Amino acid sequence: MFERFMRTATPRQTANRIVMSLPHAWADEVHARAPDVSRTAAVLGDLFSSARKSLKIFAPYVDPTFTGFVTTVRAPVRIVTTPGPGRPARPNPVLERCATICDLAVRYLNERRDRALLFQMHAKLVLADGERAYVGSANLTDTSVHYNLELGLLIEDREVLATLERVFDYFFDHAGVRAGQL
């Protein structure tokens with residue numbers, strides 16, 4: 001049965017790559033042993049600058065490094081994030097500034113009960129044009145992109161990308177709230 005399946009199945013074409021941020025002390029050695037590992041900063045920079053139709057992002061933390069990436073985008077940017085710390089919850093000032101320089105819409109996940117946060121968002125995703133996506137551990141911050149040990153994948157599998165897009169769209173359209181609703 002398995003042999004028959006193997007003869008008749010068409011292999012799925014995938015082009016996935018490992019993406020890493022590495023502390024400087026380890027970067028040269030890791031890249032010497034695994035030269036096909038892509039650097040997080042380069043992959044994220046390419047996703048932001050190459051997007052033409054849409055850029056969809058899950059990112060709990062951003063800093064001015066995000067501003068550098070977003071200035072290269074020529075597509076609408078949609079981001080799902082968490083509000084800034086404090087009570088009451090407040091919009092992220094970096095994202096609010098970025099919304100003045102590009103087509104950027106932000107949705108905040110802020111589920112609270114009796115002033116207690118019910119969950120913490122930890123997802124990281126950058127999905128460009130529904131054609132390529134970074135999924136991994138790196139936040140869109142200077143430390144995550146350049147100094148931490150972070151691991152992710154650049155995904156080009158169409159079925160996986162379609163699923164990621166549906167999940168993102170649900171959270172952006174139905175679960176997240178605008179800054180004025182925090």
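The values are calculated or read from the model by the stated rules, or taken from the named source; none is laboratory data. Only a predicted model underlies this, so the values are computations on that prediction, with no experimental measurement involved. Heads up, the Cβs are rebuilt from the backbone with ideal geometry, glycines too, and the neighbour counts pull from every protein chain shown.
What to note about this one:
- Which numbered condition residue 78 fails, given (1) in contact with a helix residue (DSSP H, G or I) (Cβ under 8 Å, 6 or more places away or on another chain); (2) part of a helix (DSSP H, G or I); (3) buried (at least 19 other Cβ atoms within 10 Å of the Cβ): (2)
- Residue selected from the stretch 101-123 under the condition over 29 Å from residue 43 (Cα atoms) and either in contact with a Phe, Trp or Tyr (Cβ under 9 Å, 6 or more places away or on another chain) or charged (D, E, K, R) (or both), by the criterion modelled with the highest pLDDT: 111
- Which listed residue, of 149, 140, is of a type outside the set (Val, Ile, Thr) and either over 15 Å from the mean Cα position of the chain (by Cα) or exposed (fewer than 14 other Cβ atoms within 10 Å of the Cβ) (or both): 149
- Residue list for the stretch 124-143, filter: touching a Phe, Trp or Tyr at 6+ places or on another chain (Cβ under 8 Å) and either modelled with pLDDT under 95 or part of a strand (DSSP E or B) (or both): 125, 126, 127, 128, 140
- Pair list, Cβ under 8 Å, 6 or more apart: the stretch 66-86 residue without any contact (Cβ under 8 Å) to a residue 12 or more places away in the chain, other residue surrounded by 15 or more Cβ atoms within 10 Å (Cβ to Cβ): 84/91; 84/92
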